[in-house]
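The values are calculated or read from the model by the stated rules, or taken from the named source; none is laboratory data. Everything numeric in this text was worked out from a predicted model, so none of it was measured. For neighbour counting, all protein chains shown are included, and Cβ atoms are generated from backbone atoms with ideal geometry for every residue, glycine included. The protein model used for the area step is the full one, side chains on, heavy atoms only, and it has no ligands, DNA or RNA in it. Shrake-Rupley method; radii C 1.70, N 1.55, O 1.52, S 1.80 Å.
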Amino acid sequence: MLLIECPYCGPRDEIEFRNGGQAHVPYPADPSALSDRDWAEYLFYRDNPRGRFAERWLHTAGCRKWFNAVRDTAIYEFAAVYPIDAPRPEAPADSRPGALHHSAEAPSGSHTGARPHSAEAPAPTSSSTPTGEGGNR
């Protein structure tokens, strides 16, 4: 079982936590000015990168507090955990695993969310599996 470091309680089993999605998504400055599409993008579109990613987590079976974590989505390794109001840690130039430091300022720029791409996926190729017994039916 994976141990997750709660910044308030210390290391606990992963079953005590719930993922709350992408961290550092700012609330719209003027919500009444948003179109339905803008609201949908704010609510439902999130980044989904491979590699280190800032997420919100809730310690449901412990202190019941929210916190942020930087987790590598490819290997499920937690690189850093930090209170919800702290700035996101940034990887140094050498990007060694676990070698993170806190930024002096909060992340800049507004979040626009992930957008579906319009490029068509390549057509699947035919299988080279023989069609004898146990093949396609």
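Structural remarks
- So L58, is it under 15 Å from the mean Cα position of the chain (by Cα), outside any loop (DSSP other than H, G, I, E, B) and at pLDDT below 95: no
- For region 1-43, a tally of residues being aromatic (F, W, Y), closer than 21 Å to E55 by Cβ, free of Cβ contacts under 8 Å to residues at least 60 places away in the same chain and not in a loop (DSSP other than H, G, I, E, B) returns 1.
- Residues of region 75-87 include none that is open to solvent by 50 Å² or more (accessible area, probe 1.4 Å), more than 30 Å from M1 (Cβ to Cβ) and modelled with pLDDT under 95.
- Scanning region 11-21 for residues that are under 18 Å from E77 (Cβ atoms) and open to solvent by less than 40 Å² (accessible area, probe 1.4 Å) turns up just one, F17.
- The condition of being assigned to a strand (DSSP E or B), open to solvent by 50 Å² or more (accessible area, probe 1.4 Å) and under 16 Å from P89 (Cβ atoms) does not hold for R71.
- Looking only at region 26-51, and only at residues there that are open to solvent by less than 70 Å² (accessible area, probe 1.4 Å) and touching a strand residue (DSSP E or B) at 6+ places or on another chain (Cβ under 9 Å), the one that is modelled with the lowest pLDDT: D47
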